[in-house]
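Input: a single structure, listed below in structure tokens.
Each reported figure results from applying straightforward, stated rules to the coordinates on display, with no laboratory input. The structure presented is a predicted model; accordingly, all values stated were derived computationally and were not measured. All Cβ positions, glycine included, derive from the backbone under ideal geometry; neighbour counts span all protein chains shown.
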Amino acid sequence: MTFNGIFKVIKVSKDRIGVIVGKKGSVKSEIETKCNVRLEIDGESGDVSIGFKNNTSSIEIGVFKASEIIMAISKGFSPDRAYSLLNEDNVLQLIDLREYSGKSASSLDRIKSRIIGQSGKSRRNIEDFTGAYLSIYGHFVGFIGNYEEASLALDAVTMLCKGSSHKSVYHMLEEYRRKKKLEKMDLWEKNDIK
């Protein structure tokens, strides 16, 4: 395979290749257009190669953003949620749940169930409180949001992984929200006094 400029190869599980390609190549084309890159996808190996469309080195950021979007989709995010990574303030963070479950498949399933909650309630609550998107896929949990949102969501999920009750996690999130609201009010009052 030959690309102009540098390139990067990302290994993607075969069951997510179809999502990256999209219906009639729509997702692949959209990533190429939005990031000004060229993608080569090998459905057999799961390799997604990213390269420049031309020799302009300033497009290096496009390769970085394309790789983030592809990584997000490969970890279970929908393309629409992954495209939010085009916003320069947003980041993708991943944690490997095996750090908390060890090699036990039943322990991994229990932790994933705690994060998702009944009918997805826990996951939705964490997303609502933090503003970050969450994806639970395989043994990974992914977070997309600005740094503060993603870090807060990661803290909440880490607490659940370590065995904290949902009530404790929601209390931590509510305290954080209350504290941020007070900070905004303080800032508003200081600006109002001037």
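First select every other residue whose beta carbon is under 12 angstrom from the beta carbon of I73; then total the charges, Lys and Arg +1, Asp and Glu -1.
After counting each charged neighbour, the total is 0.
Full extension of the segment from S165 to K121, taken as 0.36 nm per residue of separation minus the current Cα-Cα distance, would add 14.4 nm. With a cut-off of 12 Å between beta carbons, the residues surrounding E32 carry a summed charge of +3, where Lys and Arg count +1 and Asp and Glu -1.
So how tilted is helix 121-130 from the main axis of the chain? Cα-based, degrees 0 to 90, rounded to 10. Compared with the principal axis, the helix lies near 90 degrees.
Translational diffusion coefficient, Stokes-Einstein: compute it for region 90-186 using the Kirkwood radius over C-alpha pairs as Rh, at 10 °C and 1.306 mPa s, and state it as an integer in µm² s⁻¹.
117 µm²/s
Volume of the convex hull of region 4-86 (Cα atoms only), normalised per residue: 76 Å³. Helices in the chain, meaning DSSP H runs of at least 4 residues, each add -39500 (n - 2.57). Divided by all residues, the mean residue ellipticity at 222 nm is -17000 deg cm²/dmol. Relative to the dominant Cα principal axis of the chain, helix 147-161 is inclined by about 70°. The modelled label-to-label distance for the pair E148/S29, using points 7 Å beyond Cα in the direction of Cβ, is 3.9 nm.
Please tell me which of these pairs span more than 24 angstrom C-alpha to C-alpha: K23/K121; K8/K112; K75/K162; K75/K167?
K23/K121; K8/K112; K75/K167
Among 75-81, 14-20, the peptide with the highest mean count of other Cβ atoms within 10 Å heads the list, and the full ranking is 75-81, 14-20. Helix 60-74 axis versus longest C-alpha principal axis of the chain: approximately 70°, rounded to the nearest ten.
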